[in-house]
Structures are given as structure tokens and as C-alpha cells.
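Chemist: Quick one: this structure, given as C-alpha cells, is what I'll be asking you about.
The values are calculated or read from the model by the stated rules, or taken from the named source; none is laboratory data. If you're wondering where the values come from, they're calculated on a predicted model, not measured in any experiment. Quick reminder, even Gly has a Cβ in these numbers, built from the backbone with ideal geometry, and neighbours come from all protein chains shown. Side chains included, ligands, DNA and RNA excluded: accessible areas come from the protein's heavy atoms. Shrake-Rupley method; radii C 1.70, N 1.55, O 1.52, S 1.80 Å.
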Amino acid sequence: MWPDSNFMLEALNKLDLLVVADLFLTDSSKYADYILPVCSSLERSEFRAYVQRYVILTEPTIEPLFDSRPDTDIIFELARRLNLNDPLIEADYKTALDWILEPSGISVDELKKYPGGMAVPNPIKVEEKKYLKYGFATPSNKMEFTSSLLEKYSSTHGYDSLPVYQPPKLSAEQTPDLAKDYPMILNTGTRLPMFVHSRTFRLSWTKSLRPRAAADLNNAEAIGMGINQGDSINIITPKGQITVVANLTKMVQAGVVHMYYDYPEADVNILIEADYLDPISSY
């Protein structure tokens with residue numbers, strides 16, 4: 001999910017110890033010193049609180065399979081081994097959850113009486129129009145159409161206080177000489193709706209909806225380049241190259257190649273430099 005996967009791997013290999021806790025044998029777990037198998041949500045309890053002032057403590061449908069454990073069991077057991085001298089850690093997850101819930105007047109035992117969840121008793125009243133009393137969370141306490149925070153760094157860092165469109169760093173506008181050989185914009189970072197990272201990407205029935213790594217191209221532009229649906233194509237940047245199949249669609253703008261991440265056989269992130277990040281947020 002981060003630019004330049006190989007750069008990330010080099011960093012991981014420099015660690016003295018790498019431990020991965022996951023449900024699946026992910027790419028990063030293949031390089032781990034230890035893998036702790038985590039069970040699925042069907043094999044563990046899970047506390048959830050919703051903004052509608054509704055809480056629920058789910059019950060496991062089945063016992064954890066094989067040697068898997070809930071995340072909380074792994075965390076508590078590791079914490080105990082560290083001898084932190086913490087009563088909550090030395091107790092268990094239920095005790096810790098009761099401590100968290102204590103201000104609300106709810107307990108784990110009470111939650112278990114409502115398997116479908118329950119409304120929070122005596123919820124804290126949500127104050128409306130707080131901005132009239134406290135203002136907004138900005139340096140000026142006002143709603144800003146131009147950022148006074150970014151304005152402070154405009155001369156030193158070149159930040160624009162207004163949300164002005166900037167062409168991609170590697171584009172015909174920014175790097176015209178490079179664009180002669182690499183004329184299209186690569187867009188990535190989004191996922192398909194049936195894939196939630198490793199949790200559903202490695203399930204056969206969801207993977208069958210898009211089994212092969214594919215790049216979305218504007219259909220009219222692709223046909224003009226002699227590319228048809230399902231053709232094998234290469235995506236090449238100054239950083240590297242991957243081979244995928246073409247998916248022609250009207251959803252992509254001409255001049256853009258859109259590639260979903262998460263396909264290990266065609267890792268789109270190896271095509272991007274490690275420092276190719278947003279200049280303000282670094283994301």
C-alpha cells in the first residue's frame with residue numbers, strides 16, 4: 001500500500017526482529033521471523049460502539065480453528081511477558097473492557113444479555129452548533145476558505161493557502177521532457193469494493209470477480225492505441241514495469257492508467273518512487 005514496495009522490504013530486512021499477526025500468509029509475513037495466526041471475527045468476541053449511541057459485544061460462532069487466537073489474546077499475552085506490572089494487563093480482556101466501559105455504566109456481563117446490541121443508557125448529550133461557542137479548530141477559530149496555517153509557510157515552503165489544483169509531479173505539465181517517453185498518468189491507491197486488504201482479497205469467491213491484475217483504460221483511447229478488452233499490456237515508469245490485462249471503461253479519463261493495488265503478481269507500488277508523497281501531508 002506504500003510507494004516502492006522493494007524499498008519497504010529493504011527496511012524490514014534491517015530489523016532485528018519482525019513479527020506479523022495476521023489471518024492470512026500475506027506478503028510481509030513471508031519475511032517475518034515469527035507469524036502469529038489470528039482468528040477471524042467468527043471465532044472471537046468483538047466490542048463495537050456506533051455513533052448512533054449503540055453498542056454490541058458479539059459472541060464467537062465457533063471456537064478458534066487450529067492454533068489461531070484473537071488479537072486481544074495475543075496482545076495481552078505479549079504484554080504479560082513484558083512484566084509491565086499493570087493490573088489490567090495481568091487480568092484479562094474482559095476486565096480491561098469493563099474498565100473502559102465503567103464511565104458509561106455498562107458492563108460486559110450486561111452486554112452479554114443483549115446479543116443484538118443495546119442502546120447506551122443516559123448517553124452524553126451531543127452539543128449542537130458548538131462552533132457558536134468555541135469556534136472552529138483552526139488558528140483563527142473561524143471557518144477558513146484559505147488556510148492561515150499553510151499561509152505561514154508559503155514563503156519558506158511554497159505552500160498555497162488556497163486549495164489550488166497542482167498537476168502530478170510526473171506529468172506533461174511538470175516534467176515535459178519525461179512525458180515524451182511516459183505520456184500517460186498512473187493513478188493508484190484505491191481498492192475494489194469486494195476487496196478489504198487481505199481479509200477478502202484472498203477469498204476465492206471474491207477474487208473470482210476480478211481474478212487477474214488489470215489496468216483500467218479509457219475505452220476510446222485504448223481502442224485508438226489498438227488495445228482491446230483483456231489484452232496483455234505493460235505498465236512502465238522510470239522506476240519499473242509490470243504486466244497486466246487491459247480493462248476498457250468509460251470511468252477513466254483519457255491520458256490516465258488506473259491500477260488497483262493488492263495484486264502481488266503485479267505490484268503497482270514498485271512503479272512509484274518511495275518519496276513520491278503529498279508534499280504537505282507526506283501521505
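Chemist: Could you report segment 20-161's accessible area per residue, 1.4 Å probe, as an integer in Å²? Each step should come with its number before you reach the end.
Modeler: Numbers: 10720 Å² over 142 residues.
Solvent-accessible surface per residue comes out at 75 Å².
Chemist: Further question: Can you check what the Kirkwood hydrodynamic radius comes to for segment 69-167, Cα pairs only, in Å to one decimal? Mind dumping the intermediate values first?
Modeler: On the way: mean 1/r = 0.0528 Å⁻¹.
Taking every pair of different Cα atoms in segment 69-167, averaging 1/r and inverting gives 18.9 Å.
Chemist: Which trypsin sites (Lys or Arg not before Pro) in segment 91-186 sit in a loop by DSSP (not H, G, I, E or B) and have at most 15 other Cβ atoms within 10 Å of their own Cβ?
Modeler: On the way: sites: K94, K112, K113, K125, K129, K130, K133, K142, K152, K169, K180; in loops: K112, K113, K125, K129, K130, K142, K169, K180.
When the trypsin sites (Lys or Arg not before Pro) of segment 91-186 are filtered for loop state and at most 15 Cβ neighbours within 10 Å, K112, K113, K125, K129, K130, K142, K169, K180 remain.
Chemist: Then there's this: DSSP loop GluC sites (Glu not before Pro) in segment 148-223 with at most 11 other Cβ atoms within 10 Å of their Cβ, which ones?
Modeler: On the way: sites: E151, E173, E221; in loops: E173.
Answer by residue number: E173.
Chemist: Moving to a separate point now. Exactly which chymotrypsin sites (Phe, Trp or Tyr not before Pro) in segment 60-124 are in a DSSP loop and have at most 14 other Cβ atoms within 10 Å? Show your work: numbers first, answer last.
Modeler: Working: sites: F66, F76, Y93, W99; in loops: F66.
Here the chymotrypsin sites (Phe, Trp or Tyr not before Pro) that fit, given the DSSP loop and packing criteria, are F66.
Chemist: Once all Cα-Cα distances of segment 211-276 are split into 5 Å bins that start at 0, what whole-number percent is in each one?
Modeler: Once binned at 5 Å, the Cα pair distances of segment 211-276 give 3, 19, 28, 24, 17, 7, 2.
Chemist: Net charge near T206: determine it from the other residues with C-beta under 12 Å of the C-beta of T206, scoring Lys and Arg +1 and Asp and Glu -1.
Modeler: Values: positive: R191, R199, R202, K207, R210; negative: D262.
Value of the local net charge: +4.
Chemist: Also, I was wondering about something else. Rounding to the nearest 20 debye, state how big the charge dipole of the chain is about its Cα centre with +1 on each Lys and Arg Cβ and -1 on each Asp and Glu Cβ. All intermediate terms of the calculation are to be shown ahead of the outcome.
Modeler: Details: 27 positive and 38 negative charges, 173 e Å.
Once rounded to the nearest 20, the dipole reads 840 debye.
Chemist: Through the Karplus equation 6.51 cos²θ - 1.76 cosθ + 1.60, θ set to phi - 60°, convert the phi angles of segment 153-170 into ³J(HN,Hα) values in whole Hz; use x for Gly and Pro.
Modeler: Each residue of segment 153-170 in turn: 10, 5, 7, 8, 10, x, 6, 9, 6, 9, x, 8, 5, 10, x, x, 4, 10 Hz.
Chemist: Additional query: Summarise the long-distance tail of P(r) for segment 67-123 by giving the % of C-alpha pairs beyond 14 Å. Spell out each step's value before the answer.
Modeler: Details: 999 of 1596 pairs.
Here the tail beyond 14 Å accounts for 63 percent of pairs.
Chemist: Looking at (i) 54, 40, 38; (ii) 66, 55, 41; (iii) 94, 43, 31, which value of Cα extents along the principal axes in Å comes from a calculation on the structure shown?
Modeler: Matching entry in (i) 54, 40, 38; (ii) 66, 55, 41; (iii) 94, 43, 31: (ii).
Chemist: Return the carbon/sulfur percentage of the accessible area of the chain, one whole number, probe 1.4 Å, all protein chains in place. Walk me through the numbers before you get to the answer.
Modeler: Details: 11170 of 19730 Å².
Exposed carbon and sulfur together represent 57 percent of the surface.
Chemist: On alpha-carbon atoms, Rg over Rh for segment 18-69 using Kirkwood Rh?
Modeler: Values: Rg = 14.3 Å, Rh = 12.7 Å.
With Rg and the Kirkwood Rh in hand, the quotient comes to 1.13.
Chemist: What's the FRET efficiency of L78 with T58 using the Cβ-Cβ distance as r and R₀ = 22 Å, to the nearest 0.05? Could you put the intermediate results ahead of the total?
Modeler: Numbers: r = 23 Å, r/R0 = 1.06.
So the FRET efficiency works out to roughly 0.40.
Chemist: Cβ under 11 Å from K169's Cβ, K169 left aside: what net charge do those residues give with Lys, Arg +1 and Asp, Glu -1?
Modeler: On the way: positive: none; negative: E173, E273, D275, D278.
The answer is -4.
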